[in-house]
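Heads up: the structure comes next, in structure tokens.
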Amino acid sequence: MSMSSSCLLSLLLPCLLSFVLLRLPSTLLDPAAAVPRVKRSPPLPLRFRHDGAFKILQVADMHFGNGAATRCRDVAPELGGARCSDLNTTRFLRRLIEAERPDLIVFTGDNIFGSSATDAAESLLRAINPAVEYKVPWAAILGNHDQESTMTRAELMTFLSLMDYSVSQVNPPGFLVHGFGNYHVGIHGPFGSELVNTSLLNLYFLDSGDRELVNGVKTYGWIKESQLIWLSATSRELQQNLHAPALAFFHIPIPEVRDLWYTSFKGHYQEGVACSSVNSGVLSTLASMGDVKGVFLGHDHLNDFCGGLKGIWFCYGGGFGYHAYGIPHWPRRARMIYIELKNEQRSWTEVESIQTWKLLDDEKLSKIDEQVLWRCSEDDLYHNVYL
Ligand SMILES: *[C@@H]1O[C@H](CO)[C@@H](O)[C@H](O)[C@H]1NC(C)=O
Ligand SMILES: *[C@@H]1O[C@H](CO)[C@@H](O)[C@H](O)[C@H]1NC(C)=O
């Protein structure tokens, strides 16, 4: 051994020793620390319950930051200040899970507010934690603020897909699709039914992007052609088996949502629709697919309405998070989507109805604006056709 290397070793040895000694007790005390971490997955595929129902909780715009240190925005002075933080958002989510026992939670973007989150992964873990804690399957997509912290959109979607009880996916295998978080989740028939291996309700998740420059002018993102090609192809393939109804989820509204102002929408339309200046034809794609009955959006926290365009409902979730902009005394809110199967001759057949309502974060968790979005009718073109 040369002089210099033995010298180096004598310097390094205490370091190495202390490293081993420091590590040792933690591995001895906590045997789990030595075992690689494996994702806890919900039972898949997701399926309707034995009572023929499936309940989705939509959580729009949590805007989570650093937890207890991140203050609320736009709350009444007597309820705010040091007493109000991201923990109020967490408390709201817990109350909803306890009260509604959803079968799936969909986080429709701006889950974290990047510029208030010191560590994106930590912030996401905290924001989503109630779903994990109650072992509720959940799906997430990205908004325009999620990537403003320490992770890119690709990293965020990968992380979301690897978290416990997540059914989120980065992108569909075998397709080159723009963005991150374009995927399909099928909801199968209940255990013990004939339809145990059949998807009776299809959920499509799409990445509507963040911000872009168009001819030098800043605008919001939009759903690109490659995404629409994947979407129609997937819908076509699914409908070769069964004309099951579908729901779609993305963050940024499409330009046509503005036109709902002139219709009899249900709920609040309290701010301008902040969409992209580019119209990529999402509405005509959805209309031509035929299976999508409802689209669920986030982004504009002061809007919580549902309105119909070309026979498809477009519904906002309404602002959920306390660190997100809102209106004092206008309670933070969430949307429920309730899907029921038809029971014929004592067996489940197909989706009978899709309903929705909102729940407010007030004392009673008030239920408002209940409405039926879709009902399967005898003359429905897509009625119970097995090909
Ligand atoms: C936030 O939670 C605290 C503690 O539970 C409560 O005192 C406060 O009123 C809540 N703020 C709002 C706006 O709900
Ligand atoms: C569903 O799929 C499983 C596994 O492939 C099969 O064993 C079962 O018979 C199928 N059930 C029905 C009702 O098709």
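The numbers here are math on the coordinates, done by the rules we state, and not lab data. What you are looking at is a predicted structure, and each value in this text was computed from that prediction instead of being measured. Neighbour counts are summed over all protein chains in view; Cβ atoms, including those assigned to glycine, are modelled from backbone coordinates with ideal geometry.
Some observations on this one:
- Computed FRET value (nearest 0.05) for Ile368 with Ser115, which takes r as the C-beta separation and R₀ as 45 Å: 0.90
- In the chain, the DSSP-assigned H stretches of four residues or longer account for a calculated mean residue ellipticity at 222 nm of -7500 deg cm²/dmol, using -39500 (n - 2.57) per stretch and the full residue count as denominator.
- Computed from Cα positions, the angle between helix 225-239 and the longest principal axis of the chain comes to roughly 60 degrees.
- Average Cα contact separation per residue, the chain, under 8 Å, 6 or more apart, as relative contact order %: 17
- Gyration tensor (alpha-carbon) shape descriptor, the stretch 205-266, a/c threshold 1.5: oblate
- Tensor-based shape of the stretch 59-207 (alpha-carbon gyration tensor, a/c under 1.5 rounded, otherwise prolate or oblate): oblate
- Crossing angle, helix 153-162 versus the chain [Cα axis fit, 0-90 degrees, rounded to tens]: 90
- Rounded to the nearest 0.05, the FRET efficiency derived from the C-beta distance between Tyr134 and Lys342 at R0 = 35 Å is 0.75.
- Rounded, prolate or oblate (a/c below 1.5 giving rounded, otherwise prolate when a/b exceeds b/c) for the stretch 113-178 by Cα gyration tensor: oblate
- All other residues whose Cβ lies under 14 angstrom from that of Gly221 are scored, Lys and Arg at +1 and Asp and Glu at -1, for a net of -3.
- For the chain, the longest piece that avoids every one of the GluC sites (Glu not before Pro) found in DSSP loops with at most 11 other C-beta atoms within 10 Å covers 1-193.
- Stretch gain in nm, segment Val278-Arg83, where the contour uses 0.36 nm per residue and the Cα spacing is subtracted: 66.0 nm
- A simple spin-label model places pseudo-atoms 7 Å from Cα toward Cβ; at Ala287 and Ile327 they are separated by 3.1 nm.
- Net charge of Cβ neighbours under 13 Å - reference Asp369; Lys, Arg +1; Asp, Glu -1: +3
- Spin-label zone in the stretch 223-250 - amide nitrogen under 17 Å from a point set 7 Å from the Cα of Thr263 along the C-beta vector: 246-250
- Separation of alpha-carbon centers, the stretch 72-143 and the stretch 41-67, rounded to whole Å: 13
- The stretch between Thr150 and Arg101 holds 14.4 nm of extra length on full extension. This uses 0.36 nm per residue minus the Cα-Cα distance.
- The angle separating the long axis of helix 86-100 from the principal Cα axis of greatest extent in the chain is about 50 degrees.
- Of all lysines in the structure, the ones whose alpha carbon falls short of 29 Å from that of Lys364, not counting any fewer than 8 places away in one chain, are Lys55, Lys135, Lys266.
- If you wrap the tightest convex hull around every Cα atom of the chain and split its volume per residue, you get 210 Å³.
- Förster-model FRET efficiency, 51 Å R0, Phe191 and Thr219, C-beta, rounded to 0.05: 0.60
- For the pair Arg37 and Leu162, label points projected 7 Å from Cα toward Cβ lie 0.8 nm apart.
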